[in-house]
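Each remark here refers to the structure printed beneath this line.
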């Protein structure tokens, strides 16, 4: 219950620090937020496995999905650098692949059997989802 | 799950959330270039961490 209350807190913080920014800045902030959140998600993943709350297969699947999302975020950063103060429409076009890789991470998390462990990783994934929505909302 | 376990999980979740909020607030003072460099640096570190983690499980 308390963790459910934390998800809006994280999302609101993200929106608060990103409001009134240009499209390019929102995208740069989102990329940094996603990378920080992915690192946190992997730390939680390893911690839950060490505590016996995840099986070996689950922790490997989540780690690989985090790695895929991170690779997509790095590609997003590279493309963003090429745009340099690009138009919002160009930014929106390069977000698509990133959004797909984050969906893959959400799917991997949904397969976790232990509800408490699943909820804990979902907490960090919620921040990533909010960052993606922020870039997708760029007009 | 007993009350103590539930409390430990809730506090762990709170600590993760607060750590993230602190890091996100810290990022708001960075320039666009610094944000992108941070994202790339985190990505490189994470890739290496995940490779080592998966190798450690084999």
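Within 10 Å of the Cβ of each residue in A:64-71, the mean number of Cβ atoms contributed by other protein chains is 4. A simple packing score, the average count of other Cβ atoms within 10 Å per residue, orders the peptides A:103-111, A:35-43 as A:35-43, A:103-111, with the highest score first.
Legend: calculated FRET efficiency, residue A:56 to residue B:48, from the Cβ-Cβ distance at R0 = 30 Å, rounded to 0.05, equals 0.90. Each residue, residue A:92 and residue B:28, gets one label point 7 Å from its Cα in the Cβ direction; the gap between the two is 2.7 nm. Please average, across the residues of B:45-58, the number of beta carbons from any other chain that are within 10 Å of each residue's own beta carbon, and give a whole number. Average neighbour count from other chains, rounded to a whole number: 5. For the residues of A:73-79, the average number of beta carbons from a partner chain within 10 Å of their own beta carbon is 4. Spacing of the modelled spin labels on residue B:55 and residue A:75, each 7 Å from Cα toward Cβ, amounts to 2.5 nm.
Values quoted throughout were computed directly from the atomic coordinates according to the rules given, and no laboratory measurement underlies them. Predicted model only: the values in this text are computed from it and were never measured. Cβ coordinates were reconstructed from backbone atoms using ideal geometry, including for glycine residues, and neighbour counts include every protein chain displayed.
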